[in-house]
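No value in this document is a laboratory result; all are computed from the given coordinates. From a predicted model like this one, the values you see are computed outputs, not experimental measurements. All Cβ positions, even for glycine, are placed from backbone atoms using ideal geometry, and neighbour counts span all protein chains on display.
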Amino acid sequence: MNLILLGPPGAGKGTQAKLLEQKLNMLQLSTGDMLRAAKDKESEIGKKIKLIMAEGNLVTDEIVIELISENIDKSSKCAGFIFDGFPRTLYQADALSELMSSKNQSIDLVIEMRVDDSQLIERIVGRYSCKECGEVYHKVNRPEQKKGVCDNCENIDGFIFREDDTEEALRTRLFNYYRETSSLVGYYYAKKKLTTVDGLLPIETIHDLLYQATKNNL
Ligand code: AP5
């Protein structure tokens with residue numbers, strides 16, 4: 001069972017991927033997380049990635065496809081993959097389809113998370129995550145239960161904000177979503193893989209919907 005979560009920045013892809021991963025023994029493959037790890041290395045490519053991401057632009061197809069391919073190869077003992085933030089272009093979607101076929105696998109389900117653009121800024125500028133385990137929070141919608149302590153790993157060493165979570169970078173990210181990624185909704189609809197959920201519902205309600213849809217495909 002392989003699932004793609006599709007949606008604009010702040011739609012809730014990462015939040016839902018983590019919840020599903022914990023329940024279904026699936027593995028979240030987030031190209032954003034992979035790139036954030038790569039940009040922190042002091043290499044030339046790391047520096048280039050850092051700049052592109054800070055501005056909210058897309059990293060090249062070649063780099064992300066290679067990252068995804070490496071991570072699929074490293075992880076065989078799971079019930080399936082949850083692709084979060086990948087694919088983001090038609091080229092990446094075709095490449096993923098070929099990659100899956102070469103491993104006798106396929107994409108079984110694509111869930112589009114639909115959220116009004118006006119809500120995204122509030123979500124993005126209020127987001128922070130645990131320095132240690134990456135658990136995602138929101139100042140208003142999902143604060144940690146005990147102030148200063150991560151609910152997931154109990155870290156008390158602090159939380160971090162993402163460099164690209166500014167209003168200006170978000171506008172570029174959103175522009176890139178509509179220019180490069182949103183056509184994938186039609187692409188997967190035509191392939192009969194698409195389901196749409198209302199991303200404005202509460203986190204737990206969306207999780208229940210995604211859990212049922214995913215479980216029905218397992
Ligand atoms: P990436 O890390 O993938 O970021 P993104 O797609 O912009 O998505 P986000 O992580 O911002 O949002 P999300 O949908 O995961 O929302 P979340 O669950 O955190 O990519 C970053 C950059 O990397 C890109 O700009 C690009 O440069 C590069 N990149 C990555 N993949 C690439 C690719 N394939 N090709 C080329 N370049 C690539 O939720 C957001 C907030 O809202 C949180 O605070 C959360 O608590 C809250 N929230 C979530 N759900 C709800 C809800 N239902 N109600 C209320 N609040 C909610």
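Only the Cβ atoms of Lys and Arg (+1) and of Asp and Glu (-1) were treated as charged; on that basis the dipole of the range 1-110 about its Cα centre amounts to roughly 380 debye.
Think of the chain as a dipole: +1 on every Lys or Arg Cβ, -1 on every Asp or Glu Cβ, centred on the Cα centre; then among 200, 14, 128, 200 lies furthest on the positive end.
The percentage of C-alpha pairs in the range 172-218 whose separation is greater than 18 Å is 49%. Given 10 Å bins starting at zero, what is the percent of C-alpha pairs of the range 1-40 in each, up to the one with the largest pair distance? The percentages, shortest bin first, are 26, 53, 20, 1. Put a plus charge on the Cβ of each Lys and Arg, a minus charge on the Cβ of each Asp and Glu, and nothing anywhere else: the dipole of the chain about its Cα centre is then about 300 debye. Within the listed set 142, 171, 114, the residue fluctuating most in the Gaussian network model of the chain (springs between alpha-carbon atoms under 10 angstrom) is 142. With only Cα atoms counted, the range 47-154 has Rg and Dmax values of 17.1, 47 Å. Placing unit charges on the Cβ atoms of the charged side chains and taking the dipole of the chain about its Cα centre, the candidate lying farthest along the positive direction among 37, 1, 51 is 1. Measuring nothing but how far apart in sequence close Cα pairs (under 8 Å, 6+ apart) lie, relative to its length, the chain scores a relative contact order of 31 percent. With only Cα atoms counted, the chain has Rg and Dmax values of 16.6, 47 Å.
Based on every Cα atom in the range 141-214, Rg and the maximum pairwise Cα distance Dmax equal 17.2, 47 Å.
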